[in-house]
1. Enter the angle in degrees (range 0 to 90, nearest 10) between the Cα long axis of helix 22-47 and the first principal axis of the Cα atoms of the chain, meaning the one along which they spread out most.
2. Using only DSSP helix segments of four residues or longer, with each worth -39500 (n - 2.57), what per-residue ellipticity at 222 nm results for the chain after dividing by its residue count and rounding to 500?
3. Suppose every Lys and Arg Cβ carries +1 and every Asp and Glu Cβ carries -1, with no other charges. What dipole size does the chain come out with about its Cα centre, to the nearest 20 debye?
4. FRET efficiency for CYS17 and ALA64, Cβ-Cβ distance as r, R0 = 25 Å, nearest 0.05?
5. Between LEU57, LEU16, LEU73, find the one with the highest GNM mean-square fluctuation for the chain; connect C-alpha pairs within less than 10 Å.
6. For region 76-87, in order, what is each residue's ³J(HN,Hα) by Karplus, 6.51 cos²θ - 1.76 cosθ + 1.60 with θ = phi - 60°, in whole Hz (x at glycine and Pro)?
7. With the chain treated as a Gaussian network of Cα nodes joined by springs under 10 Å, which of ALA55, ALA93, ALA13 yields the largest mean-square fluctuation?
8. Using the Cα gyration tensor of region 32-82, with a ≥ b ≥ c the square roots of its eigenvalues, what is the shape: rounded (a/c below 1.5), prolate (a/b larger than b/c) or oblate (neither)?
Amino acid sequence: MSAVDQTGGEAHAIRLCDHPRAHRQIELARGWGGIAAFGLVGFLALQADVPAWNAGLRALAAGAIAYVACWGLAVLVWRHLALAEAEAARASAEQRREALLEEIERRANAVPDPSTQP
């Protein structure tokens, strides 16, 4: 998915599966979220004297729901983080570009033109 930006160049969509840290942390969040919900609901159900079969079924359902919910939340958070990182990188690159242009202009003005020398 690419689109043409205002300068005529190509701008590529940010994909979280290609992001160096996002993919791993999304996987960790959804995995641990599902396991934590499974364990917590199972423990609480057994403490409430719910039959083991029913407690297991509740724990399994809670684990699956938490797995999907944690995945959605992690993706939501990382979308915002990736956009913020891209904007920060863009701003940094623009600052470096302007500093280099200023340096080039300063050096060009500092060097005398050899054709005007006597």
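1. Roughly 20 degrees, rounded to the nearest 10.
2. Helix contribution divided over all residues of the chain: -26500 deg cm²/dmol.
3. With only Lys, Arg, Asp and Glu charged at Cβ, the dipole is about 540 debye.
4. Between CYS17 and ALA64 the formula returns 0.70.
5. Largest GNM mean-square fluctuation: LEU57.
6. Going residue by residue, I get 4, 5, 6, 4, 5, 5, 5, 5, 5, 5, 5, 5 Hz, with x marking Gly and Pro.
7. Checking each option, the largest mean-square fluctuation is seen for ALA13.
8. Judged from the Cα gyration tensor, region 32-82 comes out prolate (a/c at least 1.5, a/b above b/c).
Coordinate-derived values only; no laboratory data. Computed from a predicted model, the values in this text were never measured in an experiment. Don't worry about glycine lacking a Cβ; one is built from the backbone with ideal geometry, like all the others, and counts go over all protein chains shown.
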